[in-house]
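Here the structure is laid out as structure tokens; the discussion comes afterwards.
Just so it is clear, none of the values below were taken in a lab; they were calculated from the coordinates. Note that the coordinates shown come from a computational prediction; the quantities given were computed from them, not determined experimentally. Note that each Cβ is placed from the backbone with ideal geometry, even for glycine, and that neighbours are counted across all protein chains shown.
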Amino acid sequence: MFEIYTDGACKGNPGKGGWGFVIYNKAEKILEKSGSCEYTTNNKMELIAVIEAIEAFINMYNNNEKMILYTDSAYVWNGICKWINTWKKNNWMTCNKNPVKNQDLWQKLDILLDPTRFEFKWVKAHNGNIGNEYADKLANMSII
């Protein structure tokens, strides 16, 4: 089972941002990647980290390999595990009839989601989890 840790960071919100992810296979690091954006929000960086990680995983393993993706973002975890199906039914509107924020990123993520391959778990940030700490380091180091 592959494990993927993702994180996003922002200096100011909005402000300069970075994202990062690391992929492990049986505790062995097999890929890490990060990137930055000059003007963004923390939530966008969290979403981009997840999208980039899933795309990289699919490109490496286009068969039926399974993975667990860990995020410390309640926004991302709730969006994937609780809200996205309702948003789609409501034509990408929230229950308050407002457009979903970061809709373009959520729609891109929705295309990538495959519940038979991907499991999502929330992990507490800055709590000593090695994968999460490493993804956080990548995200923060990539801020320009």
Just give me the residues in region 56-78 being surrounded by 12 or more Cβ atoms within 10 Å (Cβ to Cβ), within 20 Å of residue 121 (Cα to Cα) and over 11 Å from the mean Cα position of the chain (by Cα), in sequence order. 56, 57, 58, 65, 66, 67, 68, 78
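For every residue, the table says whether it meets (1) under 17 Å from residue 118 (Cα atoms); (2) of a type outside the set (Ser, Thr, Tyr).
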{"position": "4", "(1), (2)": "yes, yes"}
{"position": "13", "(1), (2)": "no, yes"}
{"position": "20", "(1), (2)": "no, yes"}
{"position": "39", "(1), (2)": "no, no"}
Looking at (1) in contact with a Phe, Trp or Tyr (Cβ under 9 Å, 6 or more places away or on another chain); (2) buried (at least 24 other Cβ atoms within 10 Å of the Cβ), which one does residue 19 not meet, given that it meets all the others? (1)
Residue pairs meeting the criteria (Cβ under 9 Å; at least 6 apart or on separate chains; first aromatic (Phe, Trp, Tyr), in region 77-95; second in a helix (DSSP H, G or I)): 83/106; 87/79; 87/103; 87/106; 87/110; 92/103; 92/106; 92/107
